[in-house]
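Everything on this sheet refers to the single structure shown next.
The values are calculated or read from the model by the stated rules, or taken from the named source; none is laboratory data. Everything quoted here is computed from the prediction, not taken from an experiment. Don't worry about glycine lacking a Cβ; one is built from the backbone with ideal geometry, like all the others, and counts go over all protein chains shown.
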Amino acid sequence: MGRVDAVAAIIAALIIGIFGYIGTNELSESHELSESHELSESHELSESHELSESHELSESHELSESHELSELEITSLTMTYNGELDVKVRNIGSAPALITKITVVVLEDADVCVEPCLEPSAKYYLPIDDLSVGESKSIHISHVVGPNEADRFLIALQTHYPLLIELKLEYNHDQTVSETFELWSGPFSDDSMEDFENPL
């Protein structure tokens, strides 16, 4: 009986040792999984915070850029004795205004013809002699007016008719300024009389 008891005690000790080892190993694995999960959550939170900061910086940059706007206005619209439309513009904004398109719309036709004008020598040529009321014609240009600057350019319309027109200037791709003018009815540009009397 003593020998049997001794063997039983050894077997019991082995069983207890095995279960103790298994329990310790499970606790270790559980601890490692817990630490891995915490590191993963910490990494995700860090990435989320970085993305949030990046988005806030991007929005701040966009807002800063939006404060710099251009605002173009037509300050004077006259005609030269050579039959050119004399356009004076001013940019009262804080950013350059890039004029990309000129459009002339015929609003009214007096159905009379004036004396032929001299061959125009304008910077931009936009002949509208073939347009009827309601029709328009455009040209694409690239003309920059700096911030807080004024500018002047001529548009040779090459028409002998006293038409009522609307001039449209598109700038910065999504902004427009316009003005109406009656051709050959004045006012005329003061400094164009010399060109009319002494053509090149």
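Of note:
- All positions within region 84-113 that are touching an Asp or Glu at 6+ places or on another chain (Cβ under 9 Å) and in a loop (DSSP other than H, G, I, E, B): I92, G93, S94, A95, P96, A110
- When restricted to residues that are more than 22 Å from Y81 (Cβ to Cβ) and either modelled with pLDDT under 90 or of a type in the set (S, T, N, Q) (or both), region 118-146 contains 8.
- Any hit, region 142-157, residues being touching a residue at least 24 places away in the same chain (Cβ under 8 Å), over 19 Å from E73 (Cα atoms) and out of contact with any helix residue (DSSP H, G or I) (no Cβ under 9 Å at 6 or more places or on another chain): yes
- Region 174-200, residues that are at pLDDT 85 or above and out of contact with any Pro (no Cβ under 8 Å at 6 or more places or on another chain): D174, Q175, T176, V177, S178, E179, T180, F181
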